[in-house]
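These notes are about the structure you will find just below.
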Amino acid sequence: MGKVRREKWSNEFSEWYNEILETAGIIDKRYPVKGMNVWLPYGLRIMRNIEAFIRAEMERTGHDEVLFPALIPETEFQKEAEHIKGFEDEVYWVTHAGLDPLDVRLILRPTSETAMYSMFSLWIRSHADLPFKVYQIVNVYRYETKHTRPLIRVREISRFFEAHTAHADFEDAERQVKEDLEIFDRLAKFLALPYIISKRPEWDKFPGAYYSLGAEIMMPDGRTLQIGTMHNYRQNFARAYDIKYETETGEHEYVHQTTFGMSERLLAAVISVHGDDNGMVLPPTIAPIQVVIVPIPKKDASVDVFAYAREIAEELRKAGFRVHVDERDIRPGRKYYDWELRGVPLRIEVGPRDVEGRKAVIARRDTMEKFTVERENVVEDVRKTLDEIHENLYNRAKEFLEGHIKRVDTIEEAKEVFEDRRGIVEIPWCGSEECGLKMEEELDAKMLGVPYPEEKAKAPEGKRCPVCGREAKFMARFARTY
RNA sequence: GGGGCCGUAGGGUAGCUUGGCCCAUCCUGCGGGCUUUGGGAGCCCGUGACCCGGGUUCAAAUCCCGGCGGCCCCA
């Protein structure tokens, strides 16, 4: 009691993760198609809370919500050469209608650029239409050949967020990327998730992009998980899909485009990063139940603990909290374990002693600490404690992330760091693809890219690329990734 | 692309080598009853499974062949 354990969480993360998803009621992975899972009510409620925040941010920043069809004609899909090359071996094809083969085959969208952009070319006419900013949250399909993993690597991404924008020039597109980063930062704070941003190397950018940024978090087993991406396409897609606008002086110019993407990996990150051996720990911002009240009856007690519990619940609800009173006829200890597993950030226990003394016991999910508060201070103490929990989750995760980033100068040192296959290594790099790929191979890790913004990416004076010995231009990040 | 392992109730498992004692074991879950409630109580009753197809045999969860599905390792 009162002790946070993270042994299984850290040492047997895969088992921990699968078990939690199932027992906490997030998803049911028994659906008979590989890589496709069923969302359960509790998991969906958490995801909806995350999406509510994203939608509010989209509204705040002037994005409109749209909804495109899931099917894309082969002819549209093939317009941007790099894009098709990047996705062709992982799209699902619709080739028949009934028994007859289709004249033009259709793909199930793996992402929506090629669905959207022919429409963009119809919609965007003049400079007055720019910047043009839309988003949607839909399911997309990718035939993953590597191991699928619920919420992380799936063949149907159920909650794929994608914002697409078009701009008059490169500078405005760059402003959009900055805005995306700011939105992402606010979202990450909302989820209490510390992260890093890297600019992807040329060989790993999004197919068709001019450059790609990726946001990563640190998983309990020391691997990184990408939970957000921002791309500047420049005019690559505009040329392929003929998206032009008329300037103030009457010329026709191709637009500059960006995208910003996220998915249910956000939920995977929240569950993984904040959890412990007892289960999930949800940030109060997204917990479907923020406070659970467990009445502790005594057979011969003269007081009504249930009435007392309901009364506190009502007061908390009026103050704006999401509260549940657990009146099930099972023992309290069982209820504690139940709600801990489901990550409810704060529990209130009320027994006859509390009713008589006008008190309540508060138990924090993050630290597993318990303390007694006065009845009349409950609302205030709950508010304060929930805030502290959120802050503590963020700080704990930040410490974990930062403790897993190491700077080294040589391949040998990097290998030493990776001996336990954990963490992120930053190593000087000349910037050539050849040396980058060589390091990936030597380290058995992926290059995430270089720190972003660019100022942070520069290698300190005098550092040399450990592969070719030339002067290092950047510090490159390597990690084992999901 | 190459190699290996595995499919038994909702979840986890025993049984398989050496076929019969298996209308299949135990834990958990689920429904009901009694009793209890400050950290997973107990007892009783009930519920529910051998991946699919073919073969061998007097007899198949067990052996053989094929299919489907899952997992792991290597490139």
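Here are the numbers for this structure:
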| read-out | value |
| --- | --- |
| For segment A:291-385, convex hull volume per residue from C-alpha positions, Å³ | 87 Å³ |
| Hull shadow area, averaged, segment A:1-73 [alpha-carbon convex hull, nm²] | 9.1 nm² |
| Chain A, Rg to Rh (Cα coordinates; Rh as Kirkwood inverse mean 1/r) | 1.03 |
| Cross-link reach list, aspartates and glutamates versus A:K438, counting only Cα pairs under 14 Å and skipping chain neighbours closer than eight places | A:E412 |
| Euclidean distance between Cα centres, segment A:87-165 to segment A:286-357, Å | 46 Å |
| Acute angle (nearest 10 degrees) that the helix A:433-443 long axis makes with the longest principal axis of chain A, alpha-carbon atoms | 40 degrees |
| Pairwise centroid distance, computed over Cα atoms, of segment A:1-53 with segment A:418-482, Å | 33 Å |
| Length-normalised contact order of segment A:405-479 in % [C-alpha pairs under 8 Å, at least 6 apart] | 40 percent |
| Mean separation of Cα contacts under 8 Å (6+ apart) over length of chain A, as relative contact order % | 14 percent |
| Nearest-20 debye value, segment A:241-332 charge dipole, Cβ charges on Lys, Arg, Asp, Glu | 680 debye |
| Reduced Cα scattering model of segment A:20-131, Debye log10 I(q)/I(0), q = 0.12 Å⁻¹ | -0.71 |
| Above-threshold pairs, the threshold being 18 Å between Cα atoms, out of A:K34/A:K146; A:K298/A:K335; A:K8/A:K406; A:K34/A:K446; A:K299/A:K370; A:K79/A:K244 | A:K8/A:K406; A:K34/A:K446; A:K299/A:K370 |
| For chain A, calculated [θ]222 nm from helices alone, where every DSSP H run of n ≥ 4 adds -39500 (n - 2.57) | -10500 deg cm²/dmol |
| Folded to 0 to 90 degrees: helix A:332-341 orientation relative to chain A principal axis, Cα | 10 degrees |
| Cleavage-rule hits (GluC sites (Glu not before Pro)) in segment A:318-356: DSSP loop, at most 16 neighbouring Cβ within 10 angstrom | A:E327 |
| Segment A:331-426: translational diffusion in µm²/s, Stokes-Einstein, Kirkwood Rh over Cα pairs, 10 °C, 1.306 mPa s | 97 µm²/s |
| Segment A:190-275: GluC sites (Glu not before Pro) in DSSP coil with no more than 12 other Cβ atoms inside 10 Å | A:E248, A:E251 |
| Cleavage-rule hits (trypsin sites (Lys or Arg not before Pro)) in segment A:302-334: DSSP loop, at most 14 neighbouring Cβ within 10 angstrom | A:R328 |
| Antiparallel bridges, percent of DSSP beta bridges restricted to segment A:405-479 (to nearest 5) | 80 percent |
| Size-normalised alpha-carbon gyration radius of segment A:405-479, reference 2.2 N^0.38 Å | 0.96 |
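Every number in this text was worked out from the coordinates using simple rules, so none of it is lab data. Quick caveat: nothing in here was measured; it's all calculated off a predicted structure. For neighbour counting, all protein chains shown are included, and Cβ atoms are generated from backbone atoms with ideal geometry for every residue, glycine included.
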